[in-house]
Amino acid sequence: MKAGSEAMKSWKTTAPRLVVLTSAFFAVFLNFAFFRNVIAVYPLSWGRLPFLLSLCLVLACATALILLPLATRYTLKPVLIFALLASSIASYFMNAFNVVIDADMLRNAAQTNRAEARDLLNPKLFAHFFLLGVLPSLLIYRTKIRHGSLKSDTLSNIKWMTMTVVVALAVVLGFSRNYASFFREHKPLRLYANPIQWMRSTVKYSRGAVKAEARAPKAIGADADIPASDTDRELVILVVGEAVRADRFSLNGYVKQTNPLLSGEEIVNFPQFYSCGTSTAVSVPCMFSVFPREECTVKKAHETENLLDVLTHAGVHVLWRDNNSSSKGVADRVLYENFQGPEANPLCDVECRDEGMLSGLQEYIDRTDRGDILIVLHQMGNHGPAYYKRYPAEFERFQPVCRSNQLEECTDEQIENAYANAVLYTDYFLSRVIDLLKRNSGAFETAMVYMGDHGESLGENGIYLHGLPYFMAPEAQTHVPAVMWFGDSFKIDRRALRERAKGRFSHDNLFHTMLGMMEVRTAVYDRKLDILARISHQRP
């Protein structure tokens, strides 16, 4: 051991050589998810083996080209060590959940609270971080680097970069037929390249954050009002679900009875409803924005007023209660209450329960003695991977369950059961919301709208959780449940609505449907996107 330690201390090399060796380490040891997905497209065989080996070499060359310009006397070791530590973490999550580290995923990570982060920590992550991040970083730290003058070091880096480009081009040209298919037909595979993808995504995310200015968003719907002829008060509760997929609602045909209570209510179910994103950080700002999914970006959503602002312009009282990480900026200008801690939420055990958001809600309604009311309840819902934490013990109807945040250690049945139990708790929570509205139906026209923000992958094709880019996301991450309930005094043709609900809808419809439901007049309202148009209140 002592001899090995002395050898480590005495080992010397140049900065470019260290970069190339580190890049080779990235390609070989930190790209399991990349090659797993490549082999799914190009099944392993003796004939394809040379091409797959060439991919490893091209990946190492591409990584070296990114790192070589940073191989200076003062930046070399900090950059390589940071890249190794970050890449070891990225590698674990890509390996375990088959996710990609894009700008939206980084935004999700930046907005994740401590409780959500704890659910992702486990011994395998720490072991992965230590073996593939910390140990090679220590080796780099103890390596002696031979530096020359600034001019000679710069020329050396340029020489190595040129050689790297020549090698990469030679390899690509040597397998041109394979690479033509790889680059043109299988672009999603590149999203798994580590560290190239997370570095690119970090730059993209950072640029967006730097450009975002702390200024008032662009006003929309400033003309919004409620006609004097509308003398009935509306009380509407909008429940935003979390990580729930439509095919796990028994209302949509799931074999496990996950909606026993909603099935007994006069609800309207929307079996073909789709999200505008695959993560909370994208979907929530998008679903409340005036922009359709194809035009909406997180930046545009944050720079423009949303549905809640337009309702406020019309004089509607808006309250947002949150048992998730945050409103993602949607509720920044309305009354916001955080129910993630026992200070506000009276129902906390291993974590604070969604049902706690109903505490004191009747008192708020009673205090608001005039005007319409919209209450938004943002659920913890089915947030993964620790699905077993998402429901109280009495809701563990489906067994056995996965009691780990390392989903790869559980069977498909255990994951399915834990997830289904969380859906069952949401069913109970929504029934409690309906009970509250029933008690207020004498004084208000009451309604509940429930809508999932995005879906969730449960291991299909090796994919878990959510957050894949929309163009490559499976339907499990975009097909969400949606349900409406109306009190007896709410003027609506339920039979006609149930017939209409069989069609395809999306988050694009929420903005205009809620304006129609609250009978708000404004130029930004689009009747064609209002699900209730022509079967509810007659708008002036």
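Worth pointing out:
- When only the Cβ of Lys, Arg, Asp and Glu is charged (+1, +1, -1, -1), the dipole of segment 333-390 relative to its Cα centre reaches about 220 debye.
- The helix-only estimate of mean residue ellipticity at 222 nm for the chain, built from DSSP H runs of length n ≥ 4 each weighted as -39500 (n - 2.57), is -13000 deg cm²/dmol after division by the residue total.
- Surface composition of the chain: carbon and sulfur atoms hold 59% of the protein heavy-atom accessible area at a 1.4 Å probe.
- Among 464-473, 113-122, 388-397, the peptide with the highest mean count of other Cβ atoms within 10 Å heads the list, and the full ranking is 464-473, 388-397, 113-122.
- Highest average packing first - 437-449, 135-147, 42-54, Cβ atoms within 10 Å: 437-449, 135-147, 42-54
- Positive-end residue of 455, 415, 428, charge dipole of segment 414-475 with Cβ unit charges: 428
- Beta bridges per DSSP, both residues in the chain: antiparallel share near 30 percent.
- Distance from segment 238-313 to segment 113-137 (C-alpha centre basis), Å: 32
- Using heavy atoms of the protein chains and a probe of 1.4 Å, the accessible area assigned to residue 350 is about 110 Å².
- Overall, segment 233-346 carries a charge dipole of about 260 debye about its Cα centre when +1 sits on the Cβ of Lys and Arg and -1 on the Cβ of Asp and Glu, all other atoms neutral.
- Counted by Cβ distance under 15 Å from residue 289, the other residues give a net charge of -3, where Lys and Arg count +1 and Asp and Glu count -1.
- Debye, to nearest 20: dipole size of segment 296-339, +1 on Lys, Arg Cβ, -1 on Asp, Glu Cβ: 120
- On a per residue basis, segment 391-475 carries 36 Å² of accessible surface, using protein heavy atoms and a 1.4 Å probe.
- Amide H contacts of residue 335: 318, 320, each under 5 Å away and 5 or more positions distant or on a separate chain (H built 1.01 Å from N in the peptide plane; Pro and chain starts excluded).
- Segment 244-368: C-alpha gyration tensor shape, a/c 1.5 cut-off, then a/b vs b/c: oblate
- Phi-derived couplings, Karplus 6.51 cos²θ - 1.76 cosθ + 1.60 at θ = phi - 60°, listed residue by residue for segment 276-288: 9, x, 10, 8, 4, 4, 9, 5, 5, x, 5, 5, 8 Hz, with x used for Gly and Pro.
- Of the whole protein surface, residue 348 contributes about 50 Å² of accessible area at a 1.4 Å probe radius.
- Segment 122-259 - accessible surface per residue (Å², probe 1.4 Å): 58
- Degrees separating the helix 32-41 axis from the principal Cα axis of the chain, which is the longest one: 80
- Interchain or long-range residues, amide H under 5 Å from residue 506's placed H: 274
- Residue pairs exceeding 25 angstrom between C-alpha atoms, taken from 124/144; 328/389; 187/528; 12/159; 389/438; 204/300: 124/144; 187/528; 389/438.
- Net charge contributed by nearby residues that have their C-beta within less than 12 Å of residue 378 (K/R +1, D/E -1): -3
The values are calculated or read from the model by the stated rules, or taken from the named source; none is laboratory data. These figures come from a predicted structure and were not determined experimentally. Quick reminder, even Gly has a Cβ in these numbers, built from the backbone with ideal geometry, and neighbours come from all protein chains shown. We work out accessible area using only protein heavy atoms, side chains counted, and drop any ligands, DNA or RNA first. Shrake-Rupley method; radii C 1.70, N 1.55, O 1.52, S 1.80 Å.
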